[in-house]
Amino acid sequence: MLRFYNSLTKNKENFIPIKKGKVKLYTCGPTVYDYAHIGNFRTFLFEDFLKRTLISFGYEVFHVMNITDVDDKTINKSVKEGKKLNDIAEIYTSIFKKDLENLKILPPDVFPLATDHIDKMIEIIQILINKGHAYPTNDNSVFFSIDSFKDYGKLSNIDMSKVITGSRVSSDEYKLENPSDFVLWKAYKKEDGDVKWSSPWGDGRPGWHIECSAMSMQYLGDHFDIHCGGVDNKFPHHENEIAQSICATGKPFVNIWMHSEFLIINSDKMSKTLKNYYRLDDLLKEGLSVEEIRYIMLSAHYRSKLNFSLEKQHEAKMAIQRILELNDRLDQFVSTEEKGLPVEAENFKLALSDDLDSPKALAIFFDWLRKTNRRLDSNKLSQSDIDKGKNFIYLLDSLYSLLNKKTMVPDEILVLVKERERARKNNDWEKSDKIRIQISKDGWIIKDTPNGPKITPK
Ligand code: AMP
Ligand code: ZN
C-alpha cells in the first residue's frame, strides 16, 4: 500500500485510486517564456519519481502535463521582444522538451497547450457565472468570488475572516497576504499586443488558473487521483483551481495534492528573479552528468528543501561509481533469470511506499551493496543471490535511472562473452572470432584485458 502526504488534508494517506490499478495524474507544466532552470526540474524530477514509483508498484499511470503558453509572463516577454506569442512559446517549449528527455524524465501521455483549450475555459467560466460563483466587471473581465466557496483557503491555510469581501486581483500571481477575488477572464488591453480571443464578455484572454482546471478536466475528467506542483503553486494557483473546479462541476476535484519543496542556493529559492540559477546546460558544461544531477535531486526527500551546490557532484559520482562497479562484478556471472529480489528490497520498497522516502530507500540499497561486495569478496554469493542482486539493481535503476542504460550489458551478450571465452580457452579461434563479430553486430565491443574481457557499447 502506497501512502502519500496530501497537502490538502496535511496528512499521510493511503493511496486508493478512483479506478482500481489506474492513476490519473496532472502535473503543472512550465510557463514557456524563458528557459527552465534546475529548480524547476527538481519539481519535474520529483513528479517523474512519483510516476516511476506508481508504475513500479503496478499502477497504470495516465499523465497530463500542460504547457502554459499564455499568461502575464509570456505576454510580457512577447511584447518586450516584439515577437509573436506563439514564437516565444514554441522556442521555449522545444527546449523544455529536450531538457526533459536529456534528464530521462518519462514523457507525459498528453502535453496540452493552454491556447488550444480556450473554448473549454470559456465554457467553465460561463458555468461559474450561471451558478453565481463568478461575475463580469464593467471592463468586461470576469472574476471568481471567493466568498462563494466555503472551502476557499483550505489548501494554503488562509484565515478567511481577514479577507476583504469584493477586493479583486487581476494579476496571475499574488501574495498569500492578499487573498481576493481572482480573475478568470481578462479583458483585452493594448499592452497585450495581438493576444486576444473573443468571448461572451468581449475580447480578452484567460487567467492562468482556469487554464489548468480546463486542461485537467478535458483529459482526466472532473475528478481524478493526483495533482502535483512545486510548493509555490499552492497559492494562489492550486487554491484557485480547487475553487473553480469544484464550483463548476459540483463534484470532488482531486484526491491527493502533492507539492515538492524548493531547490535553494545558500538559503534562497533558486529563481529567475534572483538570477541565482543554473540551467541544465550550465551543469552539463560544468562536467556534471545527467545521472549525477538525478542522484543529487533524488537523494533528498521531496518535501525537504534541497541546497544545491556544485560540490555535491563528488558524492553523486562516488555513489554511481559504486553501483556501476557492483553491476560489473555481478555481470561477470551469467544470470539464470531468477525473478526474485533480495530481502533488503522489501525495506527499500517500504521506504518508497512511505510518501516516497527516496533518501531512505537509497540508504537501504547502499547497505545491501556494501554487504554484497563483502560477500562477493569471500565468494559467498549463491547463483540465486547473483540473480536477485541484478534484479535489485534493475529495480533501483527503473526508479532513479542512475546508470547509463547502455553500460548495462544485456544477458544475451554476456552468454556470448562466456561462450567466446570458452572457445578461446580451447584455442578455437574461428569460433571465438565468429562470436566477436556477432557481439559487435549486436552493438557491443569486446576488448581482451589481463583481467578478462571488457565489454563496452559501440
Ligand atoms: P514555472 O515555469 O515558473 O511555472 O515553474 C514550473 C515549476 O517549477 C512549478 O511547479 C514551480 O513550482 C517549480 N519551481 C519553481 N522554482 C522552483 C525551485 N527553486 N525549486 C523547486 N521547484 C521550483
Ligand atoms: Zn497549473
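The values are calculated or read from the model by the stated rules, or taken from the named source; none is laboratory data. Owing to the predicted nature of the structure, the values given are computational and were not obtained by experimental measurement. Positions of Cβ are backbone-derived with ideal geometry, glycine not excepted, and every protein chain shown enters the neighbour counts.
From F49, F62, which residue is farther than 16 Å from L280 by Cα, of a type in the set (A, V, I, L, M, F, W, C) and part of a strand (DSSP E or B)?
F62
Looking at (1) in a loop (DSSP other than H, G, I, E, B); (2) in the same structural domain as K360 (by TED's automatic domain parsing); (3) β-branched (V, I, T), which is the only condition I323 fails?
The single condition I323 does not satisfy is (1).
I'm trying to understand the selection: among the residues of region 68-98, which are under 18 Å from K196 (Cα atoms) and aliphatic (A, V, I, L, M)?
Correct list: V70, I75, V79, L85, I88, A89.
Please determine, by comparing only the residues of region 364-399 that are in contact with a Gly (Cβ under 8 Å, 6 or more places away or on another chain) and polar (S, T, N, Q), which one is surrounded by the most Cβ atoms within 10 Å (Cβ to Cβ).
Result: T372.
If I filter region 2-12 for residues that are touching a residue at least 40 places away in the same chain (Cβ under 8 Å), crowded, with 20+ Cβ neighbours inside 10 Å, within 16 Å of ligand 1 (Cβ to nearest atom) and outside any loop (DSSP other than H, G, I, E, B), do I get at least one hit?
No - not one qualifying residue is present in region 2-12.
If you take just the helices (runs of 4 or more DSSP H) that sit entirely in region 347-444, which of them hold at least 3 residues that are closer than 18 Å to R294 by Cα?
Filter on region 347-444 gives 358-377, 383-400.
Examine region 170-185 for a residue that is over 22 Å from T115 (Cα atoms), within 15 Å of ligand 1 (Cβ to nearest atom) and crowded, with 23+ Cβ neighbours inside 10 Å, and state whether such a residue exists.
No, every residue in region 170-185 fails to be over 22 Å from T115 (Cα atoms), within 15 Å of ligand 1 (Cβ to nearest atom) and crowded, with 23+ Cβ neighbours inside 10 Å.
Is at least one residue of region 75-87 small (G, A, S) and crowded, with 18+ Cβ neighbours inside 10 Å?
yes
Out of region 264-279, which residues are surrounded by 12 or more Cβ atoms within 10 Å (Cβ to Cβ) and either closer than 15 Å to T43 by Cα or touching a residue at least 40 places away in the same chain (Cβ under 8 Å) (or both)?
Once the filter is applied, which keeps residues that are surrounded by 12 or more Cβ atoms within 10 Å (Cβ to Cβ) and either closer than 15 Å to T43 by Cα or touching a residue at least 40 places away in the same chain (Cβ under 8 Å) (or both), region 264-279 yields I264, I265, K269, M270, S271, K272, Y277, Y278, R279.
Name the residues in region 256-270 that are out of contact with any His (no Cβ under 8 Å at 6 or more places or on another chain) and either over 21 Å from L103 (Cα atoms) or more than 16 Å from ligand 2 (Cβ to nearest atom) (or both), would you?
Hits for region 256-270 are E261, F262, L263, I264, I265, N266, S267, D268, K269.
Please work out which one of (1) modelled with pLDDT under 95; (2) touching a Pro at 6+ places or on another chain (Cβ under 8 Å) is the condition W368 fails and give its number.
Of (1) modelled with pLDDT under 95; (2) touching a Pro at 6+ places or on another chain (Cβ under 8 Å), only one is false for W368: (1).
Inspect region 267-289 for any residue being within 21 Å of V409 (Cα to Cα) and modelled with pLDDT under 95 and give the result as yes or no.
Yes, region 267-289 contains at least one residue that is within 21 Å of V409 (Cα to Cα) and modelled with pLDDT under 95.
Could you list all residues from region 182-204 that are under 31 Å from the mean Cα position of the chain (by Cα) and either within 16 Å of A134 (Cα to Cα) or within 12 Å of ligand 2 (Cβ to nearest atom) (or both)?
Residues satisfying the conditions are F182, V183, L184, W185, K186.
Among D232, D222, which is surrounded by fewer than 20 Cβ atoms within 10 Å (Cβ to Cβ) and within 16 Å of ligand 2 (Cβ to nearest atom)?
The unique qualifying residue is D232.
So which pairs qualify, if the first residue must be in region 29-58 and among the aromatic types (F, W, Y), the second must be part of a loop (DSSP other than H, G, I, E, B) and buried (at least 24 other Cβ atoms within 10 Å of the Cβ), the Cβ gap must be under 6 Å, and the two must be at least 6 apart or on different chains?
Going by the 6 Å Cβ cut-off, the qualifying pairs are F46/Y302.
Test each condition in (1) on the phi < 0 side of the Ramachandran plot; (2) part of a loop (DSSP other than H, G, I, E, B) for Q313 and report the one that comes out false.
Answer for Q313: the failing condition is (2).
Could you count how many residues in region 275-300 are under 21 Å from the mean Cα position of the chain (by Cα) and more than 17 Å from L402 (Cα to Cα)?
Result for region 275-300: 5.
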